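Supplied in structure tokens, the structure appears directly below.
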Amino acid sequence: MNIQESLLDLEESAQKISDGLSAMRVMVLGLDGAGSQYTGALYAIWQYLSDAESDFRKCLKACLEAG
């Protein structure tokens, strides 16, 4: 497996992370609608992971374009 194939595998993994973050976002919206005291905490985790995922995708894109 070469570096390009490995990067494409990472892209597939990144999509799975993105899908999980989308599910978490729906949970945040549901908790907010229910008036849960845990909405802010789950939102903070979602935001942190969403930012990390965005940074990861930028780096991955740069690597794919360079390769």
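Among the residues of region 30-43, what is the count of those that are surrounded by 11 or more Cβ atoms within 10 Å (Cβ to Cβ) and not hydroxyl-bearing (Ser, Thr, Tyr)?
Counting residues in region 30-43 that are surrounded by 11 or more Cβ atoms within 10 Å (Cβ to Cβ) and not hydroxyl-bearing (Ser, Thr, Tyr) gives 6.
Output the number of the condition that Glu12 fails; it satisfies all remaining conditions of (1) surrounded by 11 or more Cβ atoms within 10 Å (Cβ to Cβ); (2) free of Cβ contacts under 8 Å to residues at least 12 places away in the same chain.
With respect to (1) surrounded by 11 or more Cβ atoms within 10 Å (Cβ to Cβ); (2) free of Cβ contacts under 8 Å to residues at least 12 places away in the same chain, Glu12 is out only on (1).
Could I ask something else about it? Which one of Asp32, Asp9 is touching a helix residue (DSSP H, G or I) at 6+ places or on another chain (Cβ under 9 Å) and of a type in the set (Asp, Glu)? Step through it out loud before you land on a result.
On the way: Asp9 fails: touching a helix residue (DSSP H, G or I) at 6+ places or on another chain (Cβ under 9 Å).
Only one candidate qualifies: Asp32.
Inside region 53-67, can you point out the residues that are surrounded by 13 or more Cβ atoms within 10 Å (Cβ to Cβ) and either assigned to a loop (DSSP other than H, G, I, E, B) or of a type in the set (Asp, Glu) (or both)?
Result: Glu53, single match.
Report, by residue number, each residue of region 1-46 that is modelled with pLDDT under 90 and outside any helix (DSSP H, G or I).
Residues satisfying the conditions are Met1, Asn2.
Conditions: (1) open to solvent by less than 60 Å² (accessible area, probe 1.4 Å); (2) touching a Phe, Trp or Tyr at 6+ places or on another chain (Cβ under 9 Å); (3) over 22 Å from Ala66 (Cβ atoms). Met27 meets all but one. Number of the miss?
Among (1) open to solvent by less than 60 Å² (accessible area, probe 1.4 Å); (2) touching a Phe, Trp or Tyr at 6+ places or on another chain (Cβ under 9 Å); (3) over 22 Å from Ala66 (Cβ atoms), the lone unmet condition for Met27 is (1).
Exactly one of (1) touching a Gly at 6+ places or on another chain (Cβ under 8 Å); (2) loosely packed, with under 12 Cβ neighbours inside 10 Å is unmet by Leu7. Its number?
(2)
Out of curiosity, is Ser50 surrounded by fewer than 14 Cβ atoms within 10 Å (Cβ to Cβ), within 18 Å of the chain's Cα centre (by Cα), part of a helix (DSSP H, G or I) and among the small types (Gly, Ala, Ser)?
no
Within the set of pairs 6+ apart or on separate chains, which have a first residue in region 39-67 that is β-branched (Val, Ile, Thr), a second that is open to solvent by 80 Å² or more (accessible area, probe 1.4 Å), and C-beta atoms under 8 Å apart?
Final answer for the pair search is Thr39/Asp32.
The values are calculated or read from the model by the stated rules, or taken from the named source; none is laboratory data. Values in this document were obtained by computation on a predicted structure and should not be read as measured data. Cβ: placed from backbone, ideal geometry, glycine included. Neighbour counts: every protein chain shown. Ligands, DNA and RNA are excluded from the accessible area calculation, which covers all protein heavy atoms including side chains. Shrake-Rupley method; radii C 1.70, N 1.55, O 1.52, S 1.80 Å.
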